[in-house]
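Student: Just passing along the structure, written as structure tokens.
The values are calculated or read from the model by the stated rules, or taken from the named source; none is laboratory data. These numbers were taken from a predicted model, which means no experiment stands behind them. Every residue, glycine among them, receives a Cβ derived from its backbone with ideal geometry; neighbour counts consider all protein chains shown. These area figures cover heavy atoms from the full protein model, side chains too; ligands, DNA and RNA do not enter into them. Shrake-Rupley method; radii C 1.70, N 1.55, O 1.52, S 1.80 Å.
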Amino acid sequence: MFYKSIRFKMTIAYMAILALTLSIFSAVLFHYVGRSLHENMDTLLRSKAEGIVHAIGTYWEAERLGPNRYGARIDESQGSINFATIAQRWVQEKSKDPKLLDIIVQIYDPNGTVVASSKNTQGIASISEESFMTVLDGKSLFSTLSPSFPTTKVIKFRIFVTPAIQNNQVEYVVQVASPLTSIQTTLDTLRLAIVILFPVTVLLTGIMGTLLATMTLRPVNTIISTIHTITAENMKLKLKLPGTRDEIDRLADTFNDMLARLDYAFTSQRRLFEDLSHDLKTPLTILKGEFEVVLKKMRSQEEYETILKSSLEEVNKIIHLADNLLMLASIEARKIIQERREIDLNLLVQGTVNRVKKLAEAKNVELSLVQNAGMTIKGDEQQLKQLFVNLLDNAIKYTGSGGRVTITIGRTSGSASVTITDNGIGMSKDQADHIFDRFYRIDKSRTEQGFGLGLSIVKSVIDSHSGAIKVDSAPSRGTTFTVLLPIL
Ligand SMILES: Nc1ncnc2c1ncn2[C@@H]1O[C@H](COP(=O)(O)OP(=O)(O)OP(=O)(O)O)[C@@H](O)[C@H]1O
Ligand SMILES: [Mg+2]
């Protein structure tokens, strides 16, 4: 599996990139070093040849003017002979000059005859006729030659041929040559260094890359093994943060956040099941008790009626619970409403107030509605009706006899607002934080019937309409719910 790991892939990528870079670098380096060495050699040969022409010229001049130092007679008609003697003398004299030690010199007269040459000519072939003609035309020539020696090693020579011109006439031709051994040795050494260093560098990078990748990815392995031990039951298990504030740290942090959210979701799911079972069990147990009582002996007509009425109440509670759950599920399933219709908010709220009027009268609670003209919103009429019914139902339910509930329709910064204020039992801040949770009911209100689903439905409707809800309450003083909905 190692070859599938990021570590392996990263290392191979490192090595490949380095090998490619090194190859290009080596090729360019080799090319430029070679070129520069050859150029230097050419410059050297040219300057040597020019030096020789200059030196012979000086000798010649000295001989013409001064005493017969080099044994050449001044005889203009036999100039070439004299010149040959001078050239030979000069070459003999300079053959031990360390500056010319590595340089082979041959001097030709215009007929192509070698008139003087250093000792170490080592079989440098004489100039081809074609080249000689070019030189006689006044041009200089460079060439590279590999003469075959009885040794196995091939030595190349760089040769420069140049004419010595006087009075527009080629007097003689100078050929200088130098073996390219030192350049070859330098380039061979460079090549060897590259050949040895290349794999060593690539290998070292591979090893370092693996180590680096291992070090970098170690926290990921820890994360993987921790995740393996996480199940739905132990979601509280948190990943240890490396604390490096890098991507891996952020990954672990994000994962912990996700775990917390999942844990919350799982816990609420579990609680939902527990609450649902409890809320179903209570009316069913009452029903069962009533049926058992009925079946024990024959009862009178009135007794049957009483028990059946009470049973019907319990059945209605179960139906109410099922209805609320179904509604919640359907709102959640269609979180974003497809069918939105324009709704007159005044009419809608008026309708719901009428629906709960009887309930309020039964509890002797006064209902008053303050409307605001021209409030049109877009949404699902059924859902919005349910929203206000649930809020009004609560306001009436949790307000004592003789209380007052005021509904005010208004406008706040581009939103329609509906406030429902009661002067009922109210609630504390802590309790207010939970009232929108499913099945949540405040203990003190348990005397009132309900399953704690009314406000969960309210919240879902608000969310699906991109609205907002706010609760403002104080125990024994009353509660105000403010619903905000986007206005058209
Ligand atoms: N106007 C209010 N005044 C005081 N307490 C309230 C008010 N509205 C809601 N509550 C508290 O919030 C809890 C949750 O309300 P919710 O409407 O979700 O459930 P319920 O009314 O108990 O039952 P259901 O609405 O399912 O019949 C209630 O049990 C009650 O304690
Ligand atoms: Mg309610």
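Student: State log₁₀ I(q)/I(0) for the chain at q = 0.08, 0.09, 0.12 Å⁻¹ as given by the Debye formula over alpha-carbon point scatterers of equal weight, solvent excluded.
Tutor: Normalising to I(0) and taking log10 leaves -0.76, -0.87, -1.09.
Student: Then there's this: Kindly rank 382-394, 161-173 from highest to lowest mean number of other beta carbons found within 10 Å of each residue. Present the calculation step by step, with values, prior to reporting the outcome.
Tutor: Working: 382-394: 21.2, 161-173: 16.6.
Final packing ranking: 382-394, 161-173.
Student: Where does each of 340-350, 26-36, 457-467 land if you order them by average Cβ count within 10 Å, highest first?
Tutor: Packing order, densest peptide first, comes out as 457-467, 340-350, 26-36.
Student: Moving on. Can you give the net charge of the other residues whose Cβ lies under 12 Å from the Cβ of ILE56, counting K and R as +1 and D and E as -1?
Tutor: -3
Student: What does the extension gain come out to for ALA16 and THR282, with contour length at 0.36 nm per residue minus their alpha carbon separation?
Tutor: Values: separation 266, 0.36 × 266 = 95.76 nm, distance 7.21 nm.
Residue separation times 0.36 nm, minus the Cα-Cα distance, leaves 88.5 nm.
Student: Can you work out the FRET efficiency for the pair ASP188 and LEU251, with r the C-beta to C-beta distance and R0 = 56 Å, to the nearest 0.05?
Tutor: 0.60
Student: Per residue, how many Å² of accessible area does segment 337-486 show with a 1.4 Å probe?
Tutor: 48
Student: Can you give the calculated 222 nm mean residue ellipticity of the chain, where each DSSP H run of n ≥ 4 adds -39,500 (n - 2.57) and the sum is split over every residue, rounded to the nearest 500 deg cm²/dmol?
Tutor: Estimated from H runs of four or more residues: -19500 deg cm²/dmol.
Student: Could you tally the net charge around PRO163, taking each other residue with its Cβ under 14 Å from the Cβ of PRO163, Lys/Arg +1 and Asp/Glu -1?
Tutor: The answer is -2.
Student: Please compute the length gained on full extension between TYR304 and LEU347, using 0.36 nm multiplied by the number of residues separating them and subtracting their Cα-Cα distance.
Tutor: Extending this stretch completely gives an extra 11.1 nm.
Student: Which of rounded, prolate, oblate describes segment 255-400, given a ≥ b ≥ c as roots of the alpha-carbon gyration tensor eigenvalues and a/c under 1.5 marking rounded, otherwise prolate only if a/b is larger than b/c? Present the calculation step by step, with values, prior to reporting the outcome.
Tutor: On the way: a/c = 2.59, a/b = 1.27, b/c = 2.04.
Taking the square roots of the gyration eigenvalues as a ≥ b ≥ c, segment 255-400 is oblate.
Student: Given a cut-off of under 8 Å on Cα pairs at least six residues apart, what relative contact order in percent is computed for segment 337-486? Intermediate values should be presented prior to the final figure.
Tutor: Numbers: 285 pairs, mean separation 36.3, N = 150.
Taking the mean separation of contacting Cα pairs over the length of segment 337-486, I get 24 percent.
Student: Sticking with this structure for a sec: How high is the relative contact order of the chain, in percent, counting Cα pairs under 8 Å that sit 6 or more residues apart? Show your work: numbers first, answer last.
Tutor: Working: 609 pairs, mean separation 47.9, N = 488.
Result for the chain is 10 percent.
Student: Hey, rough spin-label estimate for GLU366 and GLU61, points 7 angstrom out along Cα→Cβ, what's it come to in nanometres?
Tutor: 13.5
Student: Given R₀ = 25 Å, what would the calculated FRET efficiency be for LYS357 paired with ILE319, taking r from the Cβ atoms and rounding to 0.05? Could you put the intermediate results ahead of the total?
Tutor: Values: r = 23 Å, r/R0 = 0.91.
So, using R0 = 25 Å, E works out to roughly 0.65.
Student: Could you check how much of the accessible area of the chain is carbon and sulfur, as a whole percent, using a 1.4 Å probe? Display every interim value, and only then the final one.
Tutor: Details: 17420 of 29610 Å².
C and S fraction of accessible area: 59 percent.
Student: Now for a different question. How would you order 397-403, 38-44, 191-197 from highest to lowest mean count of nearby Cβ atoms within 10 Å?
Tutor: Descending mean neighbour count gives 397-403, 38-44, 191-197.
Student: So which DSSP H runs in the chain come out at 27 Å plus along the axis (Cα) with average Kyte-Doolittle of at least -0.5? All intermediate terms of the calculation are to be shown ahead of the outcome.
Tutor: Values: long enough: 6-65 (87 Å, 0.47); 181-228 (67 Å, 1.18); 247-296 (72 Å, -0.25); 301-333 (47 Å, 0.06).
In the chain, the long hydrophobic H runs are 6-65, 181-228, 247-296, 301-333.
Student: For labels at LEU211 and ASP97 in the simple 7 Å Cα→Cβ model, what's the distance in nm?
Tutor: So the two model labels end up 5.8 nm from each other.
Student: Right, another one. Convex hull over the Cα atoms of segment 229-333, averaged projected area in nm²?
Tutor: Hull-based average projected area comes out at 10.3 nm².
Student: How far, in nm, would the chain grow between LYS238 and ILE224 when pulled straight, counting 0.36 nm per residue and subtracting the alpha carbon separation?
Tutor: 3.8 nm
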